[in-house]
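Taking it in order: structure first as structure tokens, then the write-up.
The values are calculated or read from the model by the stated rules, or taken from the named source; none is laboratory data. Since the model is a prediction, treat every value here as computed from it, not as a measurement. Here Cβ is always computed from backbone atoms with ideal geometry, including for glycine, and neighbour counts include all displayed protein chains.
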Amino acid sequence: MIHKILMLILFSGTFIYSQWIDNPGYKQKATELSLLSITSLHIHEERVMVNGSNATGSYSLLYSDDDGSTWTEAIYGDKTISMTVFASISADTIFTYGSSIFGTKAMHISTDKGNTWTKLDGDFSVLPLFFVPSEMAGNSERIILTGLDNNNGVVMTEDHGKTWSTLDVFGTEGNRVNINALLEVNNEFFVAGEGFYKANFDSMKWSLVNNLEVLDAVYENDKFYGSDVKIFESSDFGVNWTDHEILGSNLGERITIIGDKLFVSIAEAGNPRVVMFTNLADEVDITEGLTDYSQSSRILKWVNNSASIYAIRSTSTSLWQYKFSGATAIDDDSQVTEFQLFQNYPNPFNPATTITFSIPDINIYQSGSSNVVLKIYNLLGETVAELINENLAAGVHTVDFDASNLNSGIYFYELKTGNFLSTKKMILLK
């Protein structure tokens with residue numbers, strides 16, 4: 001059955017809530033590669049990257065371009081080196097830093113969005129012997145790397161890792177402040193922790209912007225947000241902050257923001273949890289699905305793209321995914337200005353899923369035809385279902401697909417109308 005619906009736009013309007021899952025696509029690929037633990041996560045545009053290790057100290061980087069449905073192993077430069085922290089410099093270029101189990105430090109670079117990686121030569125002697133990286137950020141001029149505690153400090157390279165210099169900008173040796181977040185915004189660097197600091201672009205001299213102390217900080221929607229026992233918000237690059245007492249007396253350890261949704265991992269004795277606020281109000285507990293969630297097994301790190309949050313936990317080897325979708329109503333179909341095929345939801349699915357697509361007004365987009373064909377193919381390219389083959393009006397449509405008679409596996413759905421052709425993957429898991 002085809003449904004005529006209102007326009008679907010991700011991350012504005014009302015969210016359709018999901019729950020956390022142990023991502024099955026990653027789990028399958030990690031098992032194939034004998035990966036036992038996850039060392040890091042990174043989002044590059046919409047691509048999700050996960051670095052994992054096996055029992056012999058060898059590392060693999062897996063990435064997904066379809067929101068966690070399928071995973072590909074990247075071509076790794078030196079698999080004895082972990083990719084612990086990442087810095088996306090441009091649409092194509094990414095740097096990463098890590099070390100081996102024997103303490104060898106190294107950087108890798110990718111110039112093809114993370115498909116292949118090359119190990120870089122560099123002098124890391126300036127780093128403390130037991131340097132444990134926590135954050136990495138960069139721009140076209142330089143890359144900044146921070147350590148896990150105040151004795152690790154902040155280091156910088158301006159020649160893509162060949163040489164490094166220490167930035168003793170927060171006090172004398174052994175008296176540096178703790179840094180809990182490193183952010184690059186509009187080619188400028190900020191750190192948050194025991195105070196909020198900004199670096200001068202030319203001299204890289206750091207200045208205290210505000211004494212605010214936070215456990216985490218992010219920049220979204222042209223604002224800085226910080227978390228501690230309150231949620232803090234700044235629209236003037238950290239000079240002034242508004243505090244929101246929405247956490248009670250509990251600590252907000254990790255925060256991330258998508259649209260008007262603020263996600264917080266809360267450390268509360270006896271009741272650790274993950275919650276979501278809409279417009280800094282209307283709390284919803286979204287811990288469901290995070291099995292055995294406790295103080296000793298709570299979220300260690302998370303990242304998000306335009307469809308999901310991905311998280312790793314302190315005592316878990318799983319990649320946790322919180323997938324959701326949202327909708328904003330547009331009453332006038334003429335506002336649909338292009339053909340578009342959306343990712344099916346849910347995905348993976350069993351046995352039914354919904355496919356959504358948009359058709360523009362013929363006066364806006366001269367497609368040459370309004371006949372729409374939507375087919376499902378298997379990995380052999382064989383048609384397993386034809387869901388639509390008819391003329392449809394402008395607007396956004398959904399069609400339900402029931403795969404009860406099909407085997408588990410990867411399938412493709414293809415939308416064709418006039419000169420427009422789009423194909424996407426989906427996974428049936430029974």
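Table for the structure above
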| quantity | calculated |
| --- | --- |
| Residue satisfying condition, being surrounded by 19 or more Cβ atoms within 10 Å (Cβ to Cβ), farther than 17 Å from VAL154 by Cβ, in the same structural domain as GLU283 (by TED's automatic domain parsing) and modelled with pLDDT under 95, within set ILE266, ILE231, ILE257 | ILE266 |
| Checklist (1) in contact with a Ser or Thr (Cβ under 7 Å, 6 or more places away or on another chain); (2) at pLDDT 90 or above; (3) under 21 Å from ALA311 (Cβ atoms) applied to HIS42, failing item | (1) |
| Subset of segment 249-300 (residues that are touching an Asp or Glu at 6+ places or on another chain (Cβ under 8 Å), of a type in the set (A, V, I, L, M, F, W, C) and not in a strand (DSSP E or B)) | LEU280 |
| Wholly enclosed strands (runs of 3 or more DSSP E) of segment 50-129 bearing at least 3 residues within 21 Å of the chain's Cα centre (by Cα) | 59-64, 85-88, 94-99, 105-110 |
| Any hit, segment 51-66, residues being at pLDDT below 90 and closer than 28 Å to LYS162 by Cβ | yes |
| Failed item, numbered, when PHE15 is tested on (1) modelled with pLDDT of 90 or more; (2) outside any loop (DSSP other than H, G, I, E, B) | (1) |
| Positions within segment 202-227 being of a type outside the set (Ser, Thr, Tyr) and within 10 Å of ILE255 (Cα to Cα), in sequence order | LEU215, ASP216, ALA217, VAL218, GLY226 |
| Answer residue from segment 301-310, given it is in contact with a Leu (Cβ under 8 Å, 6 or more places away or on another chain) and in a strand (DSSP E or B) and is nearest to SER69 (Cα to Cα) among those | TYR310 |
